[in-house]
1. For Ala86, which sequence-distant residues (separation of 5 or more, or a different chain) have an amide H within less than 5 Å of its own amide H, given hydrogens modelled in the peptide plane?
2. Around Pro151, under 13 Å between beta carbons, what's the net of Lys plus Arg minus Asp minus Glu among the other residues?
3. Counting Lys and Arg as +1 and Asp and Glu as -1, what is the net charge of the other residues whose Cβ lies under 11 Å from the Cβ of Thr123?
4. Mind listing which GluC sites (Glu not before Pro) in region 115-206 are in a DSSP loop and have 12 or fewer other Cβ atoms within 10 Å?
5. GNM, the chain, Cα, under 10 Å: largest mean-square fluctuation among Asn198, Asn111, Asn29?
6. So if I take the centroid of the Cα atoms in region 169-213 and the same for region 98-141, what is the distance between those two points in Å?
7. With labels modelled as points extended 7 Å from the Cα through the Cβ direction, what inter-label distance (nm, one decimal) is found for His16 paired with Lys155?
8. Lysine pairs in the chain with alpha-carbon atoms under 28 Å apart, 8 or more places apart or on different chains: how many are there?
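The values are calculated or read from the model by the stated rules, or taken from the named source; none is laboratory data. Just so you know, these numbers come straight off a predicted model, no measurement behind them. Cβ placement follows ideal geometry from the backbone for every residue including glycine, while neighbour counts extend to all protein chains displayed. When the accessible area is computed, the model is the full protein with side chains, heavy atoms only, and any ligands, DNA or RNA have been set aside. Shrake-Rupley method; radii C 1.70, N 1.55, O 1.52, S 1.80 Å.
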Amino acid sequence: MLPNHHKISIAIVDDHPIVIQGFKSLLENNPLYEIAGCFTTGGACMTFLQTNQVDIVLLDITLPDGNGVHFCAAISEQYPGTIIVALSNLNERSIISQMFRNGARGYLLKNISAKELLDALNTVLEGKTAMSQEVKEIMQQPDLNTLQAIPELTKREKQILQLLAEGQKSAAIAEALFISPLTVKTHRATLLHKFQVNNIVTLINRAKETGLI
């Protein structure tokens, strides 16, 4: 919780001046907040932060001089007392997750109402995480990539996967495991299905990514 004896200073970073103007108009008439600065690039904001204390940065993701995800990490590291709230049109789960991993306290889509914005600011000032409704719904859905990343393999499938990774052909695998080439072919097809890939090279790469080989 920030001290309540002063106005909360806010910096707005967005590459569209009309968006900046909209949020600035909304906040500058509120007695709780003051606009410390408005910037169309992440670099300009970083320079400003060197000599100015800012309580909250409303940070867009798509900026002309870099990625807001990277600026988020830089601000978090250099100015840990500054709260970062992403303000974006991007609603991809991976980007939302990256922003939170890089230190953001909130993630709002630009279609939020004035009340949602003010509620979110109150939330982050209380030390909690703020998300607009659509973002909440996205983050509450199961992460299919994570769920499918590590499939359940039988002992035999693990053996065949390992031999495939070593560059062994089906005939050699059959001979090594004392099974028929047809059985090896069946297991290969099952592995491709379980990893949801369509070739052995991708299969091996995915297996390495998940730590199975």
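1. Leu59, Arg105, Gly106, Tyr107, Leu108
2. Values: positive: Lys158, Lys194, Arg206; negative: Glu152, Glu157, Glu209.
Surrounding charge for Pro151 is 0.
3. Working: positive: Arg105, Lys128; negative: Glu116, Asp119, Glu126.
Net charge in that neighbourhood comes out at -1.
4. Values: sites: Glu116, Glu126, Glu134, Glu137, Glu152, Glu157, Glu166, Glu175; in loops: Glu126, Glu152, Glu166.
Qualifying residues, ordered by number: Glu126, Glu152, Glu166.
5. Asn198
6. 43
7. 6.0
8. For the chain, the number of qualifying lysine pairs is 27.
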